Amino acid sequence: MTDGNKVVTTTCVACATLASPAAGGSPGWRVFRVDGLDCAQEVAALRREVGPLVGGDDHLSFDLLTGRMAIDAPGSTITDDMIAAAAGRAGLRAAALVPEASSEPDQPWLRRHGRTLLTTTSAAALLAGLVAPAAVAGPLAAVGLAPGPPLPRSAAALYLLATLAGSAFVLPRAWASARAVRPDMNLLMTLAIAGAIFLGELLEAATVALLFAVALLLESWSVGRARNAVRALLDLTPPVARVRGGAGDEQTVPAAQVRVGDIVVVHPGERLPLDGIVVAGRASVDTSPVTGESRPAAVETGSEVFAGTIALDGVVELRATRPAGDSLAARIVRRVGEARSRQGRTERWVDRFALVYTPVVFVAALLVATVPPLLAGADWSEWIYRALVLLVIGCPCALVISAPVSVVAGLTAAARNGVLVKGGDVLERPARVGAVAFDKTGTLTTGRLAVAAVVALDGHRDDDVLGLAAALEVRSGHPIARAIVAEAGRRSLAVRAASDVRVLPGRGAEGSVGGTRAWLGSHRLLVERGQETAELHGLAQAAEVAGRSVVVVGRDGHVCGLIALEDAPRPEARRAVEELRRLGCERISVLSGDNRETVEAIAARVGIDAVHAGLLPDDKLEQVEALRRTIRGSRNELVAFVGDGINDAPALAAADVGIAYGERATDAAIETADVALIGPALTRIPWLVAHSRRVLAVIRANVAFALAVKAAFVLLTVLGHASLWAAIAADMGASLLVIGNSLRLLRS
């Protein structure tokens, strides 16, 4: 059992710091905001320039979701200005963040909206440049589809302005790529634009620059949308809290100033400003903003509540358990940020492919431009133009963003549904899970004992038996005692504490109730007292076979009745198991340290046949390894383990997908696991399997579509049927469709 374990927690930092190893506050780590850090291309450029300066990639960490870079280097030797200069050589702008700042400083308006402004300027200049030629020679001549007079100087100037405005964000990165002799999409596009200008195709140069700028703007917008979807959780947390003073007065203070242990009062309709434990009051709480659970949860004294959730009715008082910057909402942002820095297998394949693909396109374009004129005497301008078209259509933009945008959207959707996945690599694994092993206590079950039945004997009523037991247990902290007292409270029984109570270690307790001696205890105590009958033995044995604990209650020389308690299965456990089987996870088992009768009873109620009981932590690990050997070679050959306790940590680490689950999951379980689930909903596990498969399907569709478009245009280019503007329109269209397809995952 996991009695006494802490509620789901993680070591967290203020939301203003980077979600990465750098954010942990280790000496030497510094965080920089990087403008335009939206995809793997920028990360690769920063690694080239900043990495050698700080001692290698191990001293760098990136978070695309927050647009930040962290470095582990002493400020005395590697200054912030040196880091900013290195980022500048990569074509990016970096600014150090102040660790003590409670929030990130506002950026100037021009920096925040510069990309949009330049793209708009490029579009306006291009359209304005078309006006004069269209007025003089008609629209077809204006776009080069019909013969016409020479281009007016005013139109040429506007086309050049459109080209410069559209290329402003690309040129520094292209120069950095050329200096490093690492051709990327920025260099390919810049060469295509420069070549078009050299050939006198100013309209096409402007069109290429504008459409590429639009594609980059869309990419930035898509990452920003996923970023904002997660950050919206922080906006749900109110900035102020109503704190109760020692004299009972209430004072409204900034939430950031509330200390752990302070009592916070929340009225109906208000959002909770901090995480805490309810110390007074009852209410229905809408937890959907944090856990994704659609049904309100009833909370009362002892319940844990989270910042950002809404008290629907009733006034509750909670004791703050974490500072505002360490709330569950802030930890979700941190987890998603950490996850984004870990690439999945498909994502890594796309990056490796792009590293080879881009130089190949560059060399192919060079050959197309030179070989036909040199060997066959073909027209130079025509084949240079075809080479430029090949450079444009060869731009790996749609291909490169096909995986990252899908992963960001997938991680964000998971977080919004209460599933914190620790990396893009982890997000891919549930799709191939074929076996799932569950811990029992606190995972398949609620982890809390509750009264399941009261059997009254010898003319007593159920409430008489329960009230007598509660009188003996009201001052005890034992889990069984708490369950009995809680049930008496639920039935509104008037309970007066027994006097002269004496604990019988390992067996029960006895005391004076209403002037007579009363006792309660285990089946063993009943036998020791010599009061067991065939009827009592049968009742107790039947309860124990069903996985229940039995408490016998008596007065003086007779037995008043029995109380059966159980750690009941979670209401959604059976449905979760059924859904996993529908998804193809046929091998589902329970691994527990409890006795076999109890484990088998719970397993039968949730629909699981394979039971392994009486296991130590190392035994659970061995069972996970055995499962892996059993399904090796099958289509879905990965093993998931779901647990919540310290004793589950070895199995969580050994599993292909370790899932920490339960409202009382320990820090050890959460830090060891690959996935942490928030809130009591086992059905999120089959949801994760299905979601992982959706993410992989979207990535594969994106990659296939991007490659198909490029293959078609390469063929058209070689045959001479493609133009620059058509190539960039196709590339931008492919990028737009890839982004749109990926963002569908946000609706999961």
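Residue by residue, region 557-570 carries 3J(HN,Hα) couplings of x, 10, 9, 7, x, 10, 10, 9, 10, 8, 8, 5, x, 5 Hz when phi is fed to the Karplus relation 6.51 cos²θ - 1.76 cosθ + 1.60 (θ = phi - 60°); x denotes Gly or Pro. Peptides 245-256, 436-447, 163-174 ranked from most to least packed by the mean count of surrounding Cβ atoms within 10 Å: 436-447, 163-174, 245-256.
Distance from the alpha carbon centroid of region 457-529 to that of region 563-599 works out to 31 angstrom. Between the amide H of ALA241 and those of VAL253, ALA255, distances stay under 5 Å, these residues lying 5 or more places away or on another chain, with hydrogens modeled in the peptide plane.
Mean sequence separation of contacting Cα pairs (under 8 Å, at least six apart), scaled by the length of region 240-326, corresponds to a relative contact order of 36 percent. Placing dummy labels 7 Å off each Cα toward the beta-carbon, the span from ARG747 to ASP619 is 4.9 nm. Residue separation of VAL356 and ALA156 scaled by 0.36 nm, minus their Cα-Cα distance, works out to 68.3 nm of gained length. Calculate I(q)/I(0) for region 450-566 by the Debye formula, one identical point scatterer on each C-alpha and no solvent, and give its log10 at q = 0.12, 0.19, 0.20, 0.21 Å⁻¹ to two decimals. Once normalised to I(0) and log-transformed, intensities are -0.35, -0.95, -1.07, -1.20. The HN-Hα couplings worked out from phi for region 467-478 by the Karplus form 6.51 cos²θ - 1.76 cosθ + 1.60 (θ = phi - 60°) are x, 5, 5, 5, 4, 6, 9, 4, 9, 9, x, 5 Hz, whole numbers, x standing for Gly and Pro.
Phi-derived couplings, Karplus 6.51 cos²θ - 1.76 cosθ + 1.60 at θ = phi - 60°, listed residue by residue for region 580-585: 4, 5, 5, 7, x, 8 Hz, with x used for Gly and Pro.
Laboratory data are not the source of any read-out in this text; all were calculated from the coordinates shown. In this text, all values refer to a predicted model and were calculated from it rather than measured experimentally. Cβ coordinates were reconstructed from backbone atoms using ideal geometry, including for glycine residues, and neighbour counts include every protein chain displayed.
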